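The values are calculated or read from the model by the stated rules, or taken from the named source; none is laboratory data. These numbers come from a predicted model, not from an experiment. Backbone-built Cβ (ideal geometry, glycine too); neighbour counts: all protein chains shown.
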Number of protein chains: 2
Amino acid sequence: MRISELATRSGVSAASIKWYAREGLLPAGNRTGYNQTEYGEEHLARLHLIRSLIEVGGLSVAAARNVLAAADDPAHPFGDTLGIAQASLPRSTTPPTAESVQQVTDAARAQGWEVFDDNPGLPAAAAVLDRYRALGREDLAATLPGYVRAAEIVAAADLDCITKHLDAGPATAAQTVVVGTVLGDALLAGLRRMAQASESHRRFGPTPGSPS
Amino acid sequence: MRISELATRSGVSAASIKWYAREGLLPAGNRTGYNQTEYGEEHLARLHLIRSLIEVGGLSVAAARNVLAAADDPAHPFGDTLGIAQASLPRSTTPPTAESVQQVTDAARAQGWEVFDDNPGLPAAAAVLDRYRALGREDLAATLPGYVRAAEIVAAADLDCITKHLDAGPATAAQTVVVGTVLGDALLAGLRRMAQASESHRRFGPTPGSPS
């Protein structure tokens, strides 16, 4: 198909398609003549994946490229794919303090978790506690035990889903991990907003907006 | 203080400080002469908040500006501040399908939630289910009930924290909501990665990387 048809079917503009190809997220099309390029169904499928990561998952183009590179490599071990999907987390430019790393580690161990030093979630979570402190809002860290319990429930649901598809081959398992991790964050953030509104309504009475 | 001192103390480059001021996130400094501007402690505190939202929370500059505008307005009703912090979610350019909105609504009601039509979390969560479907991975929606239970635990911890600070005045309550919501997503995403690694280790045995 021509780029105009690919744009219509994918919902991604022709300019963005060219940009993703230049940036290495999308394989180049097949040049069939001067200023004319053919694209296939594999380009359409790929654009669905790119849109998911960037528009719905909120990843930067650079983060999406890293995540896609891991999902593409059939030789990529499962553990590493998990690691690269995990690297899609926003990263603070400053390393977290030892105090916050310890605070997260303690909260995780209190819930019985095995804590891995090289897990990118550890500095990401510790960086949040550092920001609470910089803002003079150490009190917000009181949410930590509740968040740890919630994260455990989410991870169990994630692993159930991954386990179910282990026999579908490594490519599907990689896609499950990559898509499920990035989009799962967006799903959880959306549900959290809904739960806050519901819980606020339960505790404080009617909130603006009518129940559906 | 001069911009160079402000940059050192905040960890934000002088170029970024100027950009944030131009974009309306940071109030302008006090011009004391040609090419010389003075900044105060309030600019430092504000830069800590901006860094939190953008670097650690992963918000775009435009999203951070909206969230800060809500936190700044002392007349802003609590419910609206919650609404604007909620609007920090990534937004799909396509409205979600009625089918996915219903699927999220049903899962939330099954957990006893009050569902508000105008909550931005609802289309954000539904957009994720639409992306699962576009990718041919409807099976990933099997995580929904687990995520709903987890979101409820998180929201209860959030509301406990907000409730504790209601008597500190509306400005503090607004800051709690704004900072807690945006950074809370990042904290939860980090803990989720740690929980996945721990759960994967428990189910499948040793993973790359040694326990600390």
TODO: Of the numbered conditions (1) at pLDDT below 85; (2) surrounded by 14 or more Cβ atoms within 10 Å (Cβ to Cβ); (3) away from chain B (no Cβ under 13 Å), residue A:19 fails exactly one; give the number of that condition.
DONE: (1)
TODO: Would you mind stating whether residue A:151 is modelled with pLDDT of 90 or more, under 15 Å from the mean Cα position of the chain (by Cα) and either over 29 Å from residue B:13 (Cα atoms) or not hydroxyl-bearing (Ser, Thr, Tyr) (or both)?
DONE: yes
- [ ] Check B:107, B:126 and return the single one that is touching a residue at least 24 places away in the same chain (Cβ under 8 Å), under 22 Å from the mean Cα position of the chain (by Cα) and surrounded by 17 or more Cβ atoms within 10 Å (Cβ to Cβ).
- [x] B:126
Open item on the list: Quick check on this structure: which one of B:145, B:211, B:206 is under 28 Å from residue A:113 (Cα atoms), surrounded by fewer than 22 Cβ atoms within 10 Å (Cβ to Cβ) and at pLDDT 75 or above?
Closed with: B:145
Task: Filtered residue count, segment B:114-155, keeping only those that are at the interface with chain A (Cβ under 7 Å from one of its Cβ atoms), over 24 Å from residue A:46 (Cβ atoms) and aliphatic (A, V, I, L, M) - done: 10
Task: Lone qualifier among A:130, A:185, A:139, A:167 - being modelled with pLDDT of 85 or more, of a type in the set (Asp, Glu) and within 30 Å of residue A:68 (Cα to Cα) - done: A:185
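Residue by residue, here is whether (1) in contact with a Pro (Cβ under 9 Å, 6 or more places away or on another chain); (2) modelled with pLDDT of 90 or more; (3) within 14 Å of chain A (Cβ to nearest Cβ) holds:
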{"site": "B:52", "(1), (2), (3)": "no, no, yes"}
{"site": "B:61", "(1), (2), (3)": "no, no, yes"}
{"site": "B:64", "(1), (2), (3)": "no, no, yes"}
{"site": "B:69", "(1), (2), (3)": "no, no, no"}
{"site": "B:79", "(1), (2), (3)": "yes, no, yes"}
